[in-house]
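Okay, structure first, notes after.
The values are calculated or read from the model by the stated rules, or taken from the named source; none is laboratory data. Predicted, not measured: the structure shown is a model, and the values here were computed from it. Here the Cβ is made from the backbone with ideal geometry for all residues, glycine too, and neighbour counts use every protein chain on show.
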Amino acid sequence: MPHSEELRFRAGDASLAGTLTLPEGDGRHPWAVLVGSWLPRDRDGEWDRERHANWYAPARGVAHSGLLGRLADALATRGVATLRYDPRGCGSSDGTWEGTDLFTRIDDARDAIGAMRSRRDLDLRRTAIVGHGEGALVAVSVAIGDPAIGAVGLIAPPARSLRDVLRRGVAERSRTGVDREHPVVAALDRVAEELLERAERREPAVRLDVDGTEVTLNLAGWEQGIHTPGLALATMLHRNVVIAHGTADAWVDPAESRLLAGVLRDAANDPVVVEVDAAGHALAEAADERIDAIAEELASRIVTRELPPVLVAIEQMGRDG
């Protein structure tokens, strides 16, 4: 049976907590790092109600674990190990979410991969990274600079600038009321235009009133997101890519995935696109069979890659140790 272990790893000046899920059997497993979406979330991809309890409405029912937890279980049954971790300021990880920028989150994902490369039960030549929402930008950014990553999974990825994605999301949530029960979402949507204007002026911060508590958001990450659109990153990516998107996503319009897929094809990739009918941003409405289908596509595309010399040396040390 697959099994999991809790661990911590260093990411810059922080210690981050995560879960490594390993498939059944011995030997070196193919593996993937899973990176979550916008707003404070835990390692499973759920809203982080542990450290940000007053930011979110109480959970209703226990239908599923979060998207990343579901995906980890589905990949494990297909022989793929996964690491998922609490972002800074969430769950059991150090730091503050609201003070962390996009580029730091990219560095944290690189450090997560680096920390796992010393393990003897993971195959350095068969690695993937999967990102959800903002995590898709992180995943592409990491993969571009890491030749050992053989496959990239993008779930609800933004293609255009954060400016456009946020505005369209605010309009959709205003129309449907999706996620507006959460104080942080309502607060963010109220100040979205001010946030964008201040970020583009490179002001340091904006204040949010979240359920009566004043929260100061570091705007560096938002400014970075405005000027780091997924479309630009995709032109530099040459890997196996699987894209999944819920058709009822109120955060990232499904058209973003189709646009991104077109750019990837123009860059000589052959992305697989999986649309999940009536599912929202975190695919919570998706039956397990649909999550299994995404995991199957990802697992089949984690190809063996040639390693740079430094990773060859690490691989050899693992064999000799």
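Scan the range 275-284 and tell me whether some residue there is assigned to a strand (DSSP E or B), surrounded by 20 or more Cβ atoms within 10 Å (Cβ to Cβ) and touching a His at 6+ places or on another chain (Cβ under 8 Å). Yes; the residues of the range 275-284 include at least one that is assigned to a strand (DSSP E or B), surrounded by 20 or more Cβ atoms within 10 Å (Cβ to Cβ) and touching a His at 6+ places or on another chain (Cβ under 8 Å). Are any residues in the range 63-83 under 21 Å from Val185 (Cα atoms) and out of contact with any His (no Cβ under 8 Å at 6 or more places or on another chain), and if so, which ones? The answer is Ser65, Gly66. Here the condition is being in contact with an Asp or Glu (Cβ under 8 Å, 6 or more places away or on another chain) and assigned to a loop (DSSP other than H, G, I, E, B); of Gly91, Gly69, it holds for Gly91 alone. Please enumerate the residues belonging to the range 102-122 that are within 30 Å of Glu203 (Cβ to Cβ) and in contact with a strand residue (DSSP E or B) (Cβ under 6 Å, 6 or more places away or on another chain). Correct list: Asp108, Ala109, Asp111.
Kindly establish whether Glu6 is surrounded by fewer than 22 Cβ atoms within 10 Å (Cβ to Cβ) and either assigned to a strand (DSSP E or B) or touching a Ser or Thr at 6+ places or on another chain (Cβ under 6 Å) (or both). Yes: the conditions hold for Glu6.
Just one residue in the set Leu39, Leu16, Leu22 is surrounded by fewer than 23 Cβ atoms within 10 Å (Cβ to Cβ), at pLDDT 95 or above, aliphatic (A, V, I, L, M) and closer than 23 Å to Asp123 by Cβ; that residue is Leu22. Sub-6 Å Cβ pairs linking a first residue in the range 191-212 that is over 16 Å from Ser161 (Cα atoms) to a second residue that is surrounded by fewer than 17 Cβ atoms within 10 Å (Cβ to Cβ), at least 6 apart or interchain, are Ala205/Thr216; Arg207/Glu214; Arg207/Thr216; Asp211/Asn54, ordered by first then second residue.
Whenever a residue of the range 23-34 is part of a loop (DSSP other than H, G, I, E, B), its partners that are small (Gly, Ala, Ser), lying with C-beta atoms within less than 9 angstrom and at least six residues away or across chains, give the pairs Pro23/Ala76; Pro23/Gly79; Pro23/Ala81; Glu24/Ala76; Glu24/Gly79; Gly25/Gly79; Arg28/Gly318. Scanning the range 72-88 for residues that are part of a loop (DSSP other than H, G, I, E, B), surrounded by 22 or more Cβ atoms within 10 Å (Cβ to Cβ) and in contact with a Gly (Cβ under 8 Å, 6 or more places away or on another chain) gives Asp86, Pro87, Arg88.
Please verify whether Arg258 is free of Cβ contacts under 8 Å to residues at least 60 places away in the same chain, out of contact with any helix residue (DSSP H, G or I) (no Cβ under 6 Å at 6 or more places or on another chain) and not aromatic (Phe, Trp, Tyr), treating the condition exactly as stated. In short, yes.
Looking at the range 112-198, the helices (runs of 4 or more DSSP H) lying wholly inside it that each contain 3 or more residues that are at pLDDT 95 or above, farther than 26 Å from Leu16 by Cα and of a type outside the set (Lys, Arg) sit at 162-176, 183-190. Against the criterion of being touching a His at 6+ places or on another chain (Cβ under 8 Å) and buried (at least 19 other Cβ atoms within 10 Å of the Cβ), Ala156 qualifies. Against the test of being within 18 Å of the chain's Cα centre (by Cα), farther than 30 Å from Arg173 by Cα and touching a residue at least 60 places away in the same chain (Cβ under 8 Å), the options Ile226, Ile291, Ile243, Ile302 yield a single qualifying residue, Ile302.
Just so you know, in the range 91-110 the residues that are within 12 Å of Ala14 (Cα to Cα) and of a type in the set (Gly, Ala, Ser) include one that is surrounded by the fewest Cβ atoms within 10 Å (Cβ to Cβ), and it is Ser92.
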